[in-house]
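The values are calculated or read from the model by the stated rules, or taken from the named source; none is laboratory data. Because the structure is predicted, anything quoted here is derived from the model rather than measured. We place every Cβ from the backbone using ideal geometry, glycine too, and count neighbours over all the protein chains shown.
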């Protein structure tokens with residue numbers, strides 16, 4: 001049996017300010033992980049990544065990150081992605097204090 | 001200090017104009033990210049976890065007050081009001097916006113600073129002993145040579161696409177405060193039969209494969225420096241591996257080919273090109289030596305200082321810990337700790353930068369230094385002025401008396417900022433420092449260097465920490481490995497891994513056990529942690545780190 005696919009979100013950094021962004025189902029970039037499109041199909045994930053990478057004038061460095069369904073929307077799986085949803089731990093800077 | 005010439009100003013203005021146009025072309029879509037990335041990296045602009053990061057070189061760690069004030073202004077105007085001083089004598093701004101970066105570079109150029117070659121496979125910022133020109137123990141000031149190397153290496157056409165990055169450090173003293181044995185080229189100014197020259201070390205480096213540098217030339221006459229350095233980098237450029245990023249640094253080239261082969265090739269190349277350096281470089285060096293001439297040191301009565309030293313234990317502790325011997329009578333070298341217990345190592349707010357600039361202007365011959373240990377130095381301070389300096393520093397949260405002690409921790413930005421990191425470093429440093437402060441054992445423990453890296457690239461120099469901590473990602477969880485017995489000084493050594501790693505929650509208690517064990521094990525208060533480790537070997541320290549295993553053995 002094929003390996004089970006871990007759901008993904010497409011994430012990148014915004015070109016102008018570098019902030020972490022996620023691709024939504026309706027082709028917008030959101031700064032809120034819970035509003036990202038949770039992609040459960042591997043082939044669809046590959047297509048969505050290509051879609052994202054074509055949007056060079058908006059973002060930098062798109063990639064697929066593991067995610068899981070939560071009560072309010074997709075949640076990160078790995079601690080690195082969890083940090084990217086918040087900002088640094090030494091100062092109240094970044095997403096943890098900025099309205100998305 | 002060196003002041004930019006018209007040539008320097010024009011060069012920088014042109015580079016900044018080019019980069020401004022490149023940023024515009026990236027934003028309007030004419031350049032893809034693949035095209036833009038090498039251009040932004042050449043100008044020190046990285047993309048990190050949460051934002052862009054601009055890395056600005058502070059050549060050989062030397063700044064004047066005006067430059068420090070400009071760094072503060074940039075932090076306030078285009079960043080979040082602070083900057084992070086790094087282990088390579090750079091300052092990093094963690095939150096610049098892409099559109100603002102050209103303005104930031106122009107503001108840097110106004111005070112003779114830049115971000116060129118702070119990234120990429122080029123010769124990076126040339127670093128030096130942060131006590132240069134002030135230390136009581138130095139043969140000569142290494143900064144004129146470092147400036148000569150900076151000018152030679154900046155935009156050097158042969159060395160813009162090296163196999164990998166290339167780092168040079170210079171010191172003028174036998175006591176190595178610049179970690180020269182962990183650099184691609186380490187230079188030590190030495191005196192032989194009355195003549196000044198260099199001991200040249202190559203192939204040191206930390207990272208994935210840590211190596212202590214090897215002596216390639218025991219004595220190189222001063223006038224031969226540039227052709228010899230050029231020969232080394234030339235040989236590396238040809239031999240260095242481009243097939244494997246992890247084997248591309250010169251330390252691997254030296255290791256795989258052997259120092260004797262490298263030496264032969266370097267000497268052969270040196271013979272070939274020596275004639276291309278007929279003396280313009282030495283004429284320039286003479287000018288640079290004049291530019292870096294020592295200030296006019298003053299004679300002042302020390303009565304108030306002596307009184308304060310006797311009467312005020314807090315001041316006395318700070319002087320004993322943070323003030324080093326100066327070459328001039330009555331003077332001292334002040335290290336301002338950027339390691340207040342619980343603070344982020346190496347960070348300074350704009351207000352703190354301005355205060356340090358003011359103190360340097362009023363009491364320090366207008367000079368500041370940044371150390372690779374992420375502190376700020378006032379290199380030329382008369383002891384008579386120490387009481388007022390200490391009082392001002394204390395008011396600004398900069399008076400911590402911990403230089404060289406357990407809470408004077410080097411920490412890389414780690415996964416709080418860095419895109420390469422595999423774990424966080426900063427909160428570990430904060431927690432260790434706070435714990436040591438709570439236990440009130442710092443001065444009892446004495447000299448101890450703890451260094452933390454958040455990934456194998458070792459920006460936090462963990463391999464040469466007496467206690468090194470390396471943060472890794474183990475199956476999706478942060479995990480911290482401890483190395484023991486490392487040393488970044490003239491008796492350089494790579495630390496040995498102590499055993500299995502510790503979780504984020506277990507690493508600080510583990511470090512505490514280690515330090516408390518040292519206090520039990522040492523042969524009197526004079527024996528430092530490193531000396532005790534060298535005398536006893538790792539076994540008793542491992543026993544403190546892994547008490548469960550000890551119990552299992554005993555059962």
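When restricted to residues that are touching a residue at least 12 places away in the same chain (Cβ under 8 Å), surrounded by fewer than 24 Cβ atoms within 10 Å (Cβ to Cβ) and at positive phi, region B:459-490 contains 1.
Please verify whether region B:42-56 includes one or more residues that are crowded, with 22+ Cβ neighbours inside 10 Å, outside the structural domain of residue B:453 (by TED's automatic domain parsing), in contact (Cβ under 8 Å) with a residue 24 or more places away in the chain and part of a helix (DSSP H, G or I). Within region B:42-56, none of the residues are crowded, with 22+ Cβ neighbours inside 10 Å, outside the structural domain of residue B:453 (by TED's automatic domain parsing), in contact (Cβ under 8 Å) with a residue 24 or more places away in the chain and part of a helix (DSSP H, G or I).
Name the one entry in B:72, B:140, B:109, B:169 that is assigned to a loop (DSSP other than H, G, I, E, B), at pLDDT 95 or above and away from chain A (no Cβ under 14 Å). Talk me through it step by step, then tell me what you get.
On the way: B:72 fails: assigned to a loop (DSSP other than H, G, I, E, B); B:109 fails: assigned to a loop (DSSP other than H, G, I, E, B); B:169 fails: assigned to a loop (DSSP other than H, G, I, E, B).
After ruling out the rest, the residue left standing is B:140.
When restricted to residues that are surrounded by fewer than 12 Cβ atoms within 10 Å (Cβ to Cβ) and either under 19 Å from residue B:48 (Cα atoms) or away from chain B (no Cβ under 13 Å) (or both), region A:48-100 contains 8. One residue is enough: does region B:1-18 have a residue meeting the conditions over 27 Å from residue A:92 (Cα atoms), surrounded by fewer than 19 Cβ atoms within 10 Å (Cβ to Cβ), modelled with pLDDT under 95 and within 20 Å of the chain's Cα centre (by Cα)? Yes, because at least one residue in region B:1-18 is over 27 Å from residue A:92 (Cα atoms), surrounded by fewer than 19 Cβ atoms within 10 Å (Cβ to Cβ), modelled with pLDDT under 95 and within 20 Å of the chain's Cα centre (by Cα).
If you check A:33, A:44, which single one turns out to be within 14 Å of chain B (Cβ to nearest Cβ), at pLDDT 95 or above and under 30 Å from residue B:35 (Cα atoms)?
From the options A:33, A:44, the qualifying one is A:33.
Residue B:60 - would you say it is modelled with pLDDT of 95 or more, buried (at least 21 other Cβ atoms within 10 Å of the Cβ) and within 14 Å of chain A (Cβ to nearest Cβ)? It is false that residue B:60 is modelled with pLDDT of 95 or more, buried (at least 21 other Cβ atoms within 10 Å of the Cβ) and within 14 Å of chain A (Cβ to nearest Cβ). The set of residues in region B:175-196 being crowded, with 22+ Cβ neighbours inside 10 Å and more than 19 Å from residue B:130 (Cβ to Cβ) consists of B:184 alone. How about region B:26-39: which of its residues are surrounded by 15 or more Cβ atoms within 10 Å (Cβ to Cβ), out of contact with any helix residue (DSSP H, G or I) (no Cβ under 6 Å at 6 or more places or on another chain) and farther than 18 Å from residue B:119 by Cα? B:27 - this is the single residue of region B:26-39 that is surrounded by 15 or more Cβ atoms within 10 Å (Cβ to Cβ), out of contact with any helix residue (DSSP H, G or I) (no Cβ under 6 Å at 6 or more places or on another chain) and farther than 18 Å from residue B:119 by Cα.
Before we move on, is residue B:442 crowded, with 24+ Cβ neighbours inside 10 Å and either touching a strand residue (DSSP E or B) at 6+ places or on another chain (Cβ under 7 Å) or within 30 Å of residue B:493 (Cβ to Cβ) (or both)?
On the way: crowded, with 24+ Cβ neighbours inside 10 Å: no; either touching a strand residue (DSSP E or B) at 6+ places or on another chain (Cβ under 7 Å) or within 30 Å of residue B:493 (Cβ to Cβ) (or both): yes.
No: the conditions fail for residue B:442.
Residues that are in a helix (DSSP H, G or I), touching a residue at least 24 places away in the same chain (Cβ under 8 Å) and within 23 Å of residue B:369 (Cβ to Cβ) do occur in region B:297-310, at least one of them.
Within region B:19-38, the residues that satisfy the criterion of being assigned to a helix (DSSP H, G or I), more than 8 Å from chain A (Cβ to nearest Cβ) and modelled with pLDDT of 95 or more are B:19, B:20, B:21, B:22, B:23, B:24, B:25, B:34, B:35, B:36, B:37. Taking region B:460-478 as the range and being under 22 Å from residue B:344 (Cβ atoms) and more than 21 Å from the chain's Cα centre (by Cα) as the test, the residues that pass are B:472, B:473, B:478.
Quick one: is residue B:428 within 14 Å of chain A (Cβ to nearest Cβ) and either on the phi > 0 side of the Ramachandran plot or part of a helix (DSSP H, G or I) (or both)? Walk me through how you get there before you give the answer.
Numbers: within 14 Å of chain A (Cβ to nearest Cβ): yes; either on the phi > 0 side of the Ramachandran plot or part of a helix (DSSP H, G or I) (or both): yes.
It is true that residue B:428 is within 14 Å of chain A (Cβ to nearest Cβ) and either on the phi > 0 side of the Ramachandran plot or part of a helix (DSSP H, G or I) (or both).
Scanning region B:82-101 for residues that are more than 10 Å from chain A (Cβ to nearest Cβ) and outside any strand (DSSP E or B) yields a total of 5. Please tell me if residue B:319 is under 19 Å from residue B:379 (Cβ atoms), away from every other protein chain (no Cβ under 14 Å) and in contact (Cβ under 8 Å) with a residue 60 or more places away in the chain. Considered against the rule, which asks whether it is under 19 Å from residue B:379 (Cβ atoms), away from every other protein chain (no Cβ under 14 Å) and in contact (Cβ under 8 Å) with a residue 60 or more places away in the chain, residue B:319 comes out as yes.
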